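> Could you have a look at this structure, given as structure tokens, before my questions?
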Amino acid sequence: MDSFDLLRSLLTPLDMAALAFYFVTMFAYRTCTDRVATMRYRNLVGAVQRQRDMWMRNMSRRDNRNMDIILLGTVGQGNAFFASTTAIAIGGIAALMGSGERAQSLLEKLPLVAKANPVLWECKLLLIMSIFIFAFFKFAWAFRLSHYAAIMIGATPILTDENLALCDAHAERTAGVAGLSAEHANGGLRSFYYAFAVLAWFFHPAAFIMATLWVLIILIRRDYFSRSLRLLSGA
């Protein structure tokens with residue numbers, strides 16, 4: 001039996017449709033968001049990056065930059081917190097895999113819960129674990145990038161009339177590094193949303209589809225139609 005036949009024996013057509021819808025939705029949304037983010041007024045990520053550009057430009061014109069370092073350090077601490085949270089979640093899922101049959105039997109006693117092959121149950125756990133592992137690397141790299149941005153703030157030249165263009169160029173690069181840190185942190189946060197959608201698969205593949213659609217609607221609304229976007233973009 002090859003891998004495709006094994007997959008068909010484990011997954012029902014509805015399972016395969018739900019899983020395909022999940023991955024297509026996840027990658028399509030990420031691709032579209034990354035492209036639209038370059039248009040600084042079109043979504044929340046782009047609007048925040050525009051404010052970040054202004055922050056670093058103002059920073060380059062200040063003599064005392066301690067407050068900028070403190071603000072950036074607060075962002076880095078948030079990334080470190082989420083990285084440790086994902087590590088705890090990975091450990092919890094790993095422990096759950098050892099007692100999967102017991103947890104599965106308890107869950108299947110609930111009404112409307114579809115029964116699943118024990119192997120498929122473990123695959124669902126592995127999928128969630130993979131999502132949290134992805135999130136961990138995202139937050140860990142965002143934490144390091146926030147340190148690099150702090151170093152660049154410390155390396156900002158002292159502003160004079162002769163090096164105004166140099167300071168502006170350095171501020172733009174610093175904002176770019178801080179933006180990369182935020183981009184990876186956003187990817188880690190979205191992984192939490194996607195993991196919650198996968199949890200619905202333990203109940204029923206139809207619930208998985210609805211949860212994926214619900215998560216997509218939440219992300220679209222917050223990134224493109226939220227009040228925070230209007231405030232940040234000044235629209």
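> State which residue is nearest to LEU159 (Cα to Cα) when the search covers only segment 49-89 and only residues that are of a type in the set (Asp, Glu) and over 24 Å from the mean Cα position of the chain (by Cα).
Restricting to residues being of a type in the set (Asp, Glu) and over 24 Å from the mean Cα position of the chain (by Cα), the top hit is ASP63.
> Identify, by number, the condition in (1) surrounded by fewer than 16 Cβ atoms within 10 Å (Cβ to Cβ); (2) in a helix (DSSP H, G or I); (3) at pLDDT 75 or above that ASP161 doesn't meet.
(2)
> Sticking with this one: Does ALA83 qualify as being within 23 Å of ALA197 (Cα to Cα) and at pLDDT 90 or above?
yes
> Please determine whether any residue of segment 49-57 is surrounded by 13 or more Cβ atoms within 10 Å (Cβ to Cβ) and outside any helix (DSSP H, G or I).
Taking every residue of segment 49-57 in turn, none turns out to be surrounded by 13 or more Cβ atoms within 10 Å (Cβ to Cβ) and outside any helix (DSSP H, G or I).
> Of the residues LEU231, LEU199, only one is hydrophobic (A, V, I, L, M, F, W, C), exposed (fewer than 15 other Cβ atoms within 10 Å of the Cβ) and in contact (Cβ under 8 Å) with a residue 60 or more places away in the chain; which?
LEU199
> Run down ALA135, ALA140, ALA182, ALA207 and say which single residue is in a helix (DSSP H, G or I) and within 18 Å of ASP53 (Cα to Cα).
On the way: ALA135 fails: within 18 Å of ASP53 (Cα to Cα); ALA140 fails: within 18 Å of ASP53 (Cα to Cα); ALA207 fails: within 18 Å of ASP53 (Cα to Cα).
Criteria check complete, one pass: ALA182.
The values are calculated or read from the model by the stated rules, or taken from the named source; none is laboratory data. Note that the structure is predicted; figures quoted are calculated from it, not measured. We place every Cβ from the backbone using ideal geometry, glycine too, and count neighbours over all the protein chains shown.
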